[in-house]
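Notes follow the structure.
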Amino acid sequence: MNNTGEETEVSEAESQTRLIIPTWWKSPSERAILNEALCQVPLFPLYHYTTQAGFLGIIDKKEIWATHTQYLNDRREFRHAVDVFREELESLRSQWDAERLKCFSGLSMGLLDDLSRTNVCVASFSADPDSLSQWRAYGGTAGFSIGIPGDDLRALVDTDRSFLAKCVYDAAHQREIARALLEELADQFLAWDKTAVRPPGGNFHAYLFRFAPLFKHQSFSGEREWRIITHPIMCTHPRFDFRPGVSKLTPYYRFPLADEQHRFGFSEVVVGPTPHDEEAVAAVKGLLIRHGLRDVSVRISDVPFRNW
């Protein structure tokens, strides 16, 4: 998502979430701040912005493409998170005793410069159903904002053993999360059998891919972004694939929007700015009816944006 300078206005409805620890997660953190970052369920719809081709693909395949973290539009996102963890680790080095420092004594942050071999993918949503910045960035010449109830998304994420989490823009909060994670990893490291081989940093790399995609610069806060964050995926996974990019192939994961327990559907579709309001809305309604989605609200964008 792109920086637009939009003011961030969090509605009362948007502030409503509930904490639910995934049933498949056998060892949630003992630190509340970490669970809160990963396990909040939005009690409101989240919106995925896409082009006409993207919308038709979602309807036809009943899936959303989640892009590899190292192939996002702005690769600096992940580097920003790594920098936060690096700074907090340096701060903790002056406070920890020698035994705790052993956890990270052999960990080189330089190893994080090449993380493309770990296939973790993200799909982006916004709490804003009708955002000028999102139409500009993702709507193309005629785009759509697809609203999916938060509860439905969370159920699908749980089945997939992935996470649905809100991006963190506040720098102080990012540092608090990073510090809590580093402290927890040190605790885990010390609790391991001392006769066993303990890798530098313990589970640091595994946990980094859960939290790093959530850290974004404050200037992007107007996007009000939530993300699906997948578990690490093997290249041979049937839903892991590659698509043409601007200058290279882009790995991605085809995240399912329906399964045996969960019916495919939306709560709302917002039709992006277009010179043909009535025809555009009518076409979307016809497409939804064709696919058995008769109860979906369809409306035209209120944003005064012309891209034609």
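Since every read-out is calculated from the coordinates, none of them should be taken as a lab result. This structure is a prediction, so every number in the text was calculated from the model and none was measured. Neighbour counts run over all protein chains shown; Cβ positions are idealised from the backbone, glycine included.
Tabulated results
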| quantity | calculated |
| --- | --- |
| Förster radius 41 Å - calculated FRET efficiency between Asp151 and Glu90 (Cβ-Cβ, nearest 0.05) | 0.50 |
| Simple spin-label estimate for His80 and Asn307 in nanometres, 7 Å along Cα-Cβ | 2.1 nm |
| Mean-position separation - Cα centroids, segment 179-243 and segment 273-308, in angstrom | 38 Å |
| Gain upon complete extension [His231, Trp25; 0.36 nm per residue less C-alpha separation] | 73.0 nm |
| Acute angle (nearest 10 degrees) that the helix 52-61 long axis makes with the longest principal axis of the chain, alpha-carbon atoms | 80 degrees |
| Non-local Lys pairs in the chain, i.e. 8 or more apart or on different chains, that have alpha carbons under 20 Å apart | 4 |
| Length released on extending from Leu43 to Asn73, taking residue separation times 0.36 nm less the Cα-Cα span | 7.9 nm |
| Residue among Val271, Val157, Val246 with the largest mean-square fluctuation in a Gaussian network model of the chain, springs linking Cα atoms under 10 Å | Val246 |
| Hydrodynamic radius by Kirkwood, which averages 1/r over all alpha carbon pairs of segment 177-308, in angstrom | 20.1 Å |
| Per-residue [θ]222 nm for the chain (sum of -39500 (n - 2.57) over DSSP H runs n ≥ 4, rounded to 500) | -10000 deg cm²/dmol |
| Volume per residue of the C-alpha convex hull in the chain, rounded to whole Å³ | 146 Å³ |
